[in-house]
Amino acid sequence: MKNSTSQLQDIRTALAAGTIVPYLGPGLLELVPDCPVPDSPEKLAVLMSSKVTVPHKIRKRLTAVAQFIENFKHRRTLVDLMRQAFAANVAPTRLQQALAALPEVPLIVIVWYDDAMRNALAARGGWGQVQGLSQSEHFGTWFQCYDAVGQAVEEEAADAWKTVLYQPIGARAPAENYLVSDSDYVEVLTEIDIQTPIPPLVQSLRRGRHFLFLGCRFNDQLQRTFARQIIKRSSDRHWAVLEGVPSRNEQRFMAEYGIEQIDMPLADFESEFAAEFLAAA
């Protein structure tokens, strides 16, 4: 197994060559001082449970809480609670600013609902966004493209983008699309094996590339399923910055899909990369 110094150099080389896809999870928000939005599924579930009474046994399970609210309070209530939870504008971390400044990052994947990475990209041109859509609100349409100012556009417009920001579970901005309830995910998971919900341009951009997982865990079946399907037909080597000993399920998943653990705090990884890439931009 390579040591972290060697791994970090390999990541630098791949980033400079444009062969890495950053895959950012909610844990990245731990780098935001006094973060104004929930930085984990558990915190989001508890926040929504504090506003709508749900059965105690599910109050920390996000998809179950969301499904209960959708069933008994209507979808509009669920969307409104998500809007409130992520209403605050989140300042990008230094790591996100560094990624946004790199000219050779064609695809960035975000599996959370905040707008921090979008805010980082706003300082430059040549990018656009693709969000997953809930079938309960957009039946038969799996994703929508948006340009840098938030206008809905056809997928062909993405051919001119240097960087695609892909948010498969939706996001607050620009159009408040959210995949969050059990039924949202059932619809997607029914089709994801044949890749229907994943935009063709994302399938094309990931081909042969390495993924770099930041702020992600793989200790939940849903998280593993999305990661597995999004990295399909990419390279056979990836990295995950994950401090400490992973769970047995995480170890098994990472071994199966060629994901090497970089055992260091995310803040230390940010310190390694952010300054040098911002200086080089």
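Every number here is computed from the coordinates shown, using simple stated rules; none is lab data. Since this is a predicted model, take the numbers as computed values, not measurements. Don't worry about glycine lacking a Cβ; one is built from the backbone with ideal geometry, like all the others, and counts go over all protein chains shown.
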For Asp184, what is the net charge nearby, where nearby means another residue's Cβ is under 11 Å from its Cβ and Lys, Arg count +1, Asp, Glu -1? -3
Compactness check, the range 204-281: C-alpha Rg relative to the 2.2 N^0.38 Å globular estimate gives 1.17
5 Å-binned pair-distance histogram of the range 120-249 (Cα, whole percent): 2, 9, 18, 21, 21, 17, 8, 3, 1
Dimensionless Rg/Rh of the range 41-85, both radii on Cα and Rh by Kirkwood, sits at 0.90
Report, in whole Å, the centroid distance computed from the Cα atoms of the range 23-76 and the range 255-274. 26
What per residue convex hull volume, in Å³, do the alpha-carbon atoms of the chain yield? 126
What's the exposure ranking of Asp159, Asp114, Asp34, Asp147, going from fewest to most Cβ atoms within 10 Å? Asp34, Asp159, Asp147, Asp114
For Arg217, Arg252, what ranking results if the residue with the fewest other Cβ atoms within 10 Å of its Cβ goes first? Arg252, Arg217
Translational D in µm²/s for the range 228-272 (Stokes-Einstein at 4 °C, 1.567 mPa s, Kirkwood Rh from C-alpha pairs): 113
Using only helices, what value at 222 nm comes out for the chain when you add -39,500 (n - 2.57) per DSSP H run of length 4 or more and divide by the total residues, to the nearest 500 deg cm²/dmol? -12000 deg cm²/dmol
Taking the chain as the reference, fit the longest principal axis to its C-alpha atoms, fit the long axis of helix 266-280 to the helix C-alpha atoms, and give the angle between the two in degrees, 0 to 90, nearest 10. 60
Only Cα pairs under 8 Å and at least 6 apart count here; give the relative contact order of the chain as a rounded whole percent. 21
Cut-off is 10 Å between beta-carbons; in what order do Met117, Met254 appear when sorted fewest neighbours first? Met254, Met117
Does the range 83-187 come out rounded, prolate or oblate by the C-alpha gyration tensor, with a ≥ b ≥ c the root eigenvalues, rounded set by a/c under 1.5 and, if not, prolate when a/b is larger than b/c and oblate if not? oblate
Quick one: which residues, 5 or more positions from Ile262 or on another chain, have an amide H under 5 Å from its amide H? H modelled 1.01 Å from N in the peptide plane, none for Pro or chain starts. Ala240, Val241, Leu242
Once normalised by the length of the range 41-85, the mean sequence separation of its alpha carbon contacts under 8 Å that are 6 or more apart gives a contact order in percent of 35
Give the cross-link partners of Lys43 among the lysines, using a straight C-alpha distance below 29 Å as the criterion and excluding same-chain residues fewer than 8 apart. Lys51, Lys57, Lys60, Lys73
